[in-house]
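In what follows, a single structure is set out as structure tokens and then discussed.
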């Protein structure tokens, strides 16, 4: 009898291991083998109506890795992060302000659409828990992926807040980070498969030094 139970539990453990391994392989297999590249152009920082505005253009020359994700039914998320810091004589610079933006790229039928990722609405105690969200307005859409990406990211502007936080005569550094990752992979698998990259474009950083 004991040998029967041992055989039963051994079979259960084997089934669980095979099931988990199959799920892992399914997620890993969904990640593209080759990474795309990113071209940045015209990175500038200027004063626009009293606000610090970062302007730049983005282009992805090789769209093959993106098309591979769409062919699997996946979606993509372009993450852009800008951080402005005051230079320090010590080890760490002093951060002044930062901002971020996330855009979702998906295939819809025979076309493509780029839309801003839904953001959490600021709330306060006692506010209605299920207020309807504002409709998402696409940044660009069309049947040609290259044209859609050009419309959405050919000219990007990010608001870093009021200009008057800058001090005359001080030196600053702007760091812009951009990455393109799969938006259909859950946080669970990202944490579980921490050794595996789900980025179609690994995060790249651009630096702009200036004195005000």
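Each reported figure results from applying straightforward, stated rules to the coordinates on display, with no laboratory input. This structure is a prediction, so every number in the text was calculated from the model and none was measured. Virtual Cβ from ideal backbone geometry, glycine too; neighbours counted across all protein chains shown.
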Calculate the FRET efficiency for residue 165 and residue 110 from the Cβ-Cβ distance with a Förster distance of 45 Å, rounded to the nearest 0.05. 0.45
Using the 10 angstrom Cβ neighbour count as an exposure proxy, how do 112, 172 rank, fewest first? 172, 112
Each label point is 7 Å from the Cα along the Cα-to-Cβ direction; what then is the distance between the points at residue 86 and residue 37, in nm? 3.9 nm
Can you give me the distance in nm between label points at residue 48 and residue 93, each placed 7 Å from the Cα along the Cα-to-Cβ direction? 2.1 nm
Separation of the residue 63 and residue 157 label points, Cα + 7 Å toward Cβ, nm: 2.6 nm
